[in-house]
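Here the structure comes first, spelled out in structure tokens, and everything after it is commentary.
The values are calculated or read from the model by the stated rules, or taken from the named source; none is laboratory data. These numbers come from a predicted model, not from an experiment. Positions of Cβ are backbone-derived with ideal geometry, glycine not excepted, and every protein chain shown enters the neighbour counts.
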Amino acid sequence: MNPHIPAGAGHEVVVTGIGLVAGRLTDPEALFDHLAQGNTLIAEHPLHKEWGVPCAVSAHIDPAVRRSLEEAVPPEARPLGPAGALAWHAAAQAWERSGLPRRLDSERGGVFLACNRMVMEPAELAGLADHVDFEAGALDLDAYLDAGGPDPRRHERVQPDTATARLADYFGAAGVLETHADACAAGGMAIGSAYRYIRSGTLDVALAGGAESLTTLASVAAFYGIGALAPAGDRDAAELSRPFDKDRSGFVIGDGAAFLVLESRAHAEARGARVLARVAGYAGVTEAVKMTSSSRDGSDYATCIRAALADGGLTPDDIDHVNAHGTSTEANDTCEAAALHTVFGERVGRIPVTGNKSAMGHSLANSGAAEAVLSVLSLQRQAVLPTLNFHEPDEVTRGLDIVTEQRHTPVTTVLSNSFGFGGQNCSLILAQAG
Amino acid sequence: MTNLDAVRLTAPGLYTAAGADPASLWEALVAGKDTGRSDELLAEAWPGAGTAFLVDDPDAATLGVHRRVLRTSEKQARMALYGARLALTGPSVTGPVGGEGWGLYLGLPTVDEQLLRFSALDGLRRAADDSPGAVAALYGREVPPFSGLSHLNSTAAAHISAVFGLTGAMAAYSPFSDAGLSALVDGVLSVAEGENEAAVIGAVSPKVHPLLFPQYEELGWTGAAPGEGAAFLVARRGPDVPGARDVPAAPDGPAVRLAGYGRGFGADGADLTSALTEAVHAALAMAGTDAAGIGWVLPDAGWTAAGEQAQRAALDRVFGPAGARPAVAGAERATGVLGPAHPLAHVVLALHGLATGRLLADDGETVREEPLPVSRVLVLACGARGQVCAVVLEGAGS
């Protein structure tokens with residue numbers, strides 16, 4: 001149960017734990033170091049390559065790593081599907097690193113997970129196909145069920161909120177449970193929602209993040225079908241994702257999970273926790289343009305960024321690093337670059353901009369959470385990660401300071417953007433712990 | 001004065017098998033009208049459930065959109081868009097709708113389904129016997145255009161925002177009935193805290209699909225008939241007055257306020273009952289009342305034995321024996337089980353009852369209409385994984 005949110009309350013919200021899994025890397029620092037050295041997680045997907053899938057490139061989880069993570073999930077947390085197992089690892093890592101007790105056992109803890117739905121894959125459909133009347137286009141469900149039907153735990157495994165509930169139960173943090181479904185902005189929105197609950201005084205602690213496991217044939221085919229994925233062409237896999245570059249041609253799909261432990265500063269300090277960063281502002285807004293693109297002049301994204309600044313009582317001058325959404329699609333990067341020009345004006349050329357998706361691909365609901373974790377590390381290490389494959393700007397992306405090699409620079413306040421298909425946008429501002 | 005006092009819930013929009021407005025659903029329940037639909041495909045596809053509470057798939061003209069919008073949406077997104085249109089018809093007459101101050105909060109279900117049409121599965125069967133490459137090629141040919149977008153469960157939000165010009169704060173939750181009340185609570189709070197001037201709040205059911213059956217089975221489905229529909233309303237800042245009952249009529253029709261809410265989680269039977277009981281007590285306490293201050297209870301659809309049992313036990317704990325408790329009745333007889341939309345349909349139904357001073361009582365055989373003795377209503381959500389939510393709604397002028 002939740003106490004009433006008192007009007008005007010404003011508790012400071014800090015980050016006390018981070019956890020992550022991406023590619024074959026299973027902790028945030030290893031990923032940061034990997035990316036800092038200009039390395040990528042994007043590679044040919046061996047099975048998709050073998051099958052002749054047009055976009056057989058992804059930032060998928062290494063199969064051996066996935067197996068080990070799935071085996072490491074405690075029995076009481078099973079069954080978790082492909083995304084849930086990744087979520088478990090990242091969340092448990094963030095929780096352990098925060099130094100919180102194994103169980104919070106408090107109504108003042110919550111879990112906020114971002115995860116998009118999965119669809120049935122070919123092997124599952126093949127079993128279904130035997131029971132379809134193809135002329136009528138209808139399924140004989142009785143026969144399908146009599147023959148054994150789907151894996152009886154399948155639905156539970158793939159439903160996004162299974163992991164939310166399991167995490168809340170395991171860590172004793174079930175005051176508020178939210179499973180966000182805000183497309184590519186969902187990770188940022190889950191963190192933003194958790195931040196709001198702590199700031200308002202409803203919660204003391206929140207486990208917030210995202211997880212996605214969509215480097216599957218069905219998902220790749222679906223996103224390829226709408227022209228969103230970068231076509232392989234003659235380029236190496238590592239060169240395909242190129243945010244803000246004039247030759248960008250689409251995103252590379254990725255998997256992963258990332259979580260942060262958020263706490264009120266008072267709660268964190270009372271238990272002597274190490275504060276990694278603070279959440280300094282947030283906005284999650286919808287827009288009214290169309291399903292496939294936002295305003296080309298960047299005005300919708302600019303509105304979102306300005307709302308986050310206003311939420312934190314900040315001005316554009318306070319931001320000294322942008323962790324961009326930077327999908328590497330022509331439309332998104334154009335809109336985001338235009339928004340950055342609009343918000344930051346002539347100062348935009350002096351704010352280092354990083355597009356992590358150049359090396360990590362786009363893990364949809366997880367991307368905002370993963371980028372928030374990397375932003376926390378940028379604050380910790382006073383270093384900005386490179387954007388791979390940025391060689392030449394176009395007319396709109398010109399003038400941005402796209403970082404192409406790791407840069408050690410003062411980082412006090414980071415703007416992390418996530419802009420979703422259909423105009424679900426969020427901007428998260430993370431700042432030094434203070 | 002709490003910050004919830006200044007927020008009004010108004011502009012109900014309801015699309016169910018009983019019709020396209022709350023009054024039609026109310027009348028259907030009282031009249032015992034058979035709103036189910038026997039569907040030939042469904043009869044085969046849902047063992048033991050030849051009837052379901054289906055709605056027509058809204059076409060482009062009904063939705064007031066270009067037909068290309070239909071290409072990037074699934075039926076459940078279209079139901080949601082229609083629900084939003086029904087809700088926003090009134091407000092759009094009395095003033096401008098949309099803009100930066102208008103936000104959107106949605107409860108969205110997920111249907112675990114095949115990306116390929118059933119008619120394409122013959123090809124899949126043959127390709128599967130051939131090679132993985134043949135399967136991949138088949139996917140390249142047969143995956144429906146725009147399915148990469150239409151299968152995102154946030155598509156409904158995108159279309160609603162685009163059609164009505166909503167550019168305020170938003171969130172979308174999934175996938176079970178608690179998602180509908182999460183959208184309600186967070187939408188109201190967004191207005192109460194000044195993040196939005198108004199929030200469009202809605203939830204939609206899953207589209208009834210053959211593969212929903214095994215999913216429901218796995219979750220402990222009791223055989224309750226599935227339904228389709230959408231429920232929407234608008235949270236707006238009302239006049240800044242100390243007492244809800246002093247508030248003059250809202251321009252968008254009757255209004256209620258969210259007087260209290262409570263949320264919780266219980267992984268299994270006893271825990272679930274306790275979580276629900278605590279959530280109800282929290283909602284009552286926030287509303288400044290107790291069990292005697294509730295005139296009508298609308299429980300969540302009893303589509304799992306665990307949920308049904310937990311709700312019954314929680315009501316026993318809160319209200320005492322059946323004879324002493326307020327009237328209990330929901331919409332299931334005329335709507336079927338609506339998933340995330342079910343509790344929100346109940347909120348809309350409660351708004352109708354609070355505005356007219358009536359309630360519905362279900363004696364197990366029929367639903368009858370009675371005067372509402374107290375202008376407060378309790379609505380429950382009991383999510384399939386153990387997430388529970390309770391809200392207390394209170395009359396705020398009509």
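Remark: pairs (first residue in the range A:166-192, of a type in the set (F, W, Y); second residue buried (at least 24 other Cβ atoms within 10 Å of the Cβ); Cβ separation under 7 Å; 6+ apart in sequence or on different chains) = A:F171/A:W95; A:F171/A:L207.
I'd like to check something: does the range B:104-123 contain any residue that is under 16 Å from the mean Cα position of the chain (by Cα), over 27 Å from B:A350 (Cβ atoms) and more than 7 Å from chain A (Cβ to nearest Cβ)? So far as the range B:104-123 goes, yes, one or more of its residues are under 16 Å from the mean Cα position of the chain (by Cα), over 27 Å from B:A350 (Cβ atoms) and more than 7 Å from chain A (Cβ to nearest Cβ). Look at B:W303 and say whether it is in contact with a Ser or Thr (Cβ under 8 Å, 6 or more places away or on another chain), among the aromatic types (F, W, Y) and crowded, with 24+ Cβ neighbours inside 10 Å. Answer is yes for this residue.
Here A:A72 meets the list (1) over 30 Å from B:E142 (Cβ atoms); (2) surrounded by fewer than 15 Cβ atoms within 10 Å (Cβ to Cβ); (3) among the hydrophobic types (A, V, I, L, M, F, W, C); (4) at pLDDT below 85 almost entirely, failing just condition (4). Among the residues of the range B:88-96, is any closer than 16 Å to B:I160 by Cβ, at pLDDT 95 or above and out of contact with any Asp or Glu (no Cβ under 8 Å at 6 or more places or on another chain)? Checking the range B:88-96: at least one residue is closer than 16 Å to B:I160 by Cβ, at pLDDT 95 or above and out of contact with any Asp or Glu (no Cβ under 8 Å at 6 or more places or on another chain). Candidates are the residues of the range B:124-135 that are buried (at least 21 other Cβ atoms within 10 Å of the Cβ) and without any contact (Cβ under 8 Å) to a residue 12 or more places away in the chain; the one that is farthest from the other protein chains (Cβ to nearest Cβ) is B:A127. The set of residues from the range A:95-128 being facing another protein chain (nearest Cβ under 8 Å) and within 24 Å of the chain's Cα centre (by Cα) comprises A:N116, A:R117, A:M118, A:V119, A:M120. If you check A:A173, A:A194 for being over 30 Å from A:L47 (Cα atoms) and either facing another protein chain (nearest Cβ under 7 Å) or not in a helix (DSSP H, G or I) (or both), only one passes: A:A173.
Return the residues of the range A:161-170 that are more than 8 Å from chain B (Cβ to nearest Cβ) and either of a type in the set (V, I, T) or surrounded by 24 or more Cβ atoms within 10 Å (Cβ to Cβ) (or both); say none if nothing qualifies.
Answer for the range A:161-170, where residues must be more than 8 Å from chain B (Cβ to nearest Cβ) and either of a type in the set (V, I, T) or surrounded by 24 or more Cβ atoms within 10 Å (Cβ to Cβ) (or both): A:A163, A:R166, A:L167.
If you go through the range A:391-401 and keep only what is crowded, with 24+ Cβ neighbours inside 10 Å and touching an Asp or Glu at 6+ places or on another chain (Cβ under 9 Å), you end up with just A:T397. Might you let me know whether the range A:406-423 holds any residue that is of a type in the set (K, R), within 22 Å of A:G361 (Cα to Cα) and either outside any strand (DSSP E or B) or modelled with pLDDT of 95 or more (or both)? Yes - at least one qualifying residue is present in the range A:406-423.
With respect to the conditions (1) at the interface with chain B (Cβ under 8 Å from one of its Cβ atoms); (2) without any contact (Cβ under 8 Å) to a residue 24 or more places away in the chain, A:A147 lacks only one, and its number is (1). Here A:D27 clears all of (1) closer than 30 Å to B:V185 by Cβ; (2) buried (at least 16 other Cβ atoms within 10 Å of the Cβ) except the condition numbered (1). Consider A:A143 carefully, then state whether it is part of a helix (DSSP H, G or I) and over 29 Å from the mean Cα position of the chain (by Cα). So A:A143 passes the test.
Checking the structure you have, find out if any residue of the range A:32-53 is within 12 Å of chain B (Cβ to nearest Cβ), assigned to a strand (DSSP E or B) and crowded, with 20+ Cβ neighbours inside 10 Å.
Applying the first criterion (within 12 Å of chain B (Cβ to nearest Cβ)) to the range A:32-53 yields A:45-53.
So of that shortlist, the ones also assigned to a strand (DSSP E or B) come out as none.
Scanning the range A:32-53 turns up no residue that is within 12 Å of chain B (Cβ to nearest Cβ), assigned to a strand (DSSP E or B) and crowded, with 20+ Cβ neighbours inside 10 Å.
Filtering the range B:149-185 down to residues that are among the aliphatic types (A, V, I, L, M) and more than 7 Å from chain A (Cβ to nearest Cβ), which residue is farthest from B:A287 (Cα to Cα)? The selected residue is B:V163. Restricting B:L106, B:L121, B:L152, B:L138 to residues that are without any contact (Cβ under 8 Å) to a residue 60 or more places away in the chain and outside any helix (DSSP H, G or I) narrows the list to B:L152. Would you check if there is a residue in the range A:369-386 being modelled with pLDDT of 95 or more, part of a strand (DSSP E or B) and more than 27 Å from A:V14 (Cβ to Cβ)? Scanning the range A:369-386, I find no residue that is modelled with pLDDT of 95 or more, part of a strand (DSSP E or B) and more than 27 Å from A:V14 (Cβ to Cβ), so the answer is no. Among the residues of the range B:286-316, those identified as more than 24 Å from the chain's Cα centre (by Cα) and within 14 Å of chain A (Cβ to nearest Cβ) are B:G288, B:T289. For residues that are in contact with a His (Cβ under 7 Å, 6 or more places away or on another chain) and within 7 Å of chain B (Cβ to nearest Cβ), scanning just the range A:129-144, find the one that is surrounded by the most Cβ atoms within 10 Å (Cβ to Cβ). Going through the qualifying residues, I end up with A:L139.
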